[in-house]
């Protein structure tokens, strides 16, 4: 089994952190993978940095705490266990604080973070559906104030629910079914828009049909 004994050093930048570690002594080491996430020992992001003893992770959210560790792998892609974990809290910049106070954008506009529920439902943050939802979050939600508020609320509420889903196969299957129309709407926005429009038309016709029926019945009795 491969062993990782990294000695991390942290160099803070605007919404990024640089990690460095000692190389493994084994001769067949082919590379390293950095894992990180918002919760201890629950990693939702990873970066394969190749056979290089340092890495810079960017796109972090100001004020958030991240938990990071590393693994090593050999030429056959056999991967070691996790190294010792470190935590890092991204400093809040003065610009981010003043912008938050005025109701505008903040460091949360950077990409990064986790799709906790989707990751729990699909089993891996590398699944195509999870990657698609993360891209939608980064491109369309984190680029505006209402979207960032929604993402922040999601981050605060979803981890306990994700824990329940991850431990129950029935809940995982049900969640995947519930996420399927969302994934298709994100993947095929035109079809998604037309489906929503069709649903609105059907609901409108049903409501107006009931209203007309009630009107004729009430006037027929009088």
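We did not get these values from a lab; they are worked out from the coordinates using the rules stated. Please read all numbers here as calculations on a predicted model, not as lab measurements. Glycine gets a Cβ as well: all are built from the backbone with ideal geometry, and neighbour counts include every protein chain shown.
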FRET efficiency, 1/(1 + (r/R0)^6) with R0 22 Å, evaluated for residue 155 and residue 58 via beta carbons
0.75
Unit-weight point scatterers at every alpha-carbon of the stretch 152-200, Debye formula, q = 0.15, 0.19 1/Å: log10 I(q)/I(0) is -0.57, -0.77
Once fully extended, how much extra length lies between residue 187 and residue 41, figured as 0.36 nm per residue of separation less the alpha-carbon to alpha-carbon distance?
49.5 nm
On the formula 1/(1 + (r/R0)^6), with r taken between the Cβ atoms of residue 204 and residue 167 and R0 of 41 Å, the FRET efficiency rounded to 0.05 is 0.50
Rounded to whole angstrom, the alpha-carbon centroid of the stretch 149-200 lies from that of the stretch 41-84 at a distance of 27 Å
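Ranking 122, 154, 36 by Cβ neighbours within 10 Å, fewest first, what do you get?
Going from least to most buried by this count: 154, 122, 36.
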Fewest-first ranking of 158, 25, using other Cβ atoms within 10 Å as the exposure measure
25, 158
At 0.36 nm per residue, minus the direct Cα-Cα distance, what do residue 178 and residue 89 gain on full extension? Give it in nm, one decimal, please.
28.7 nm
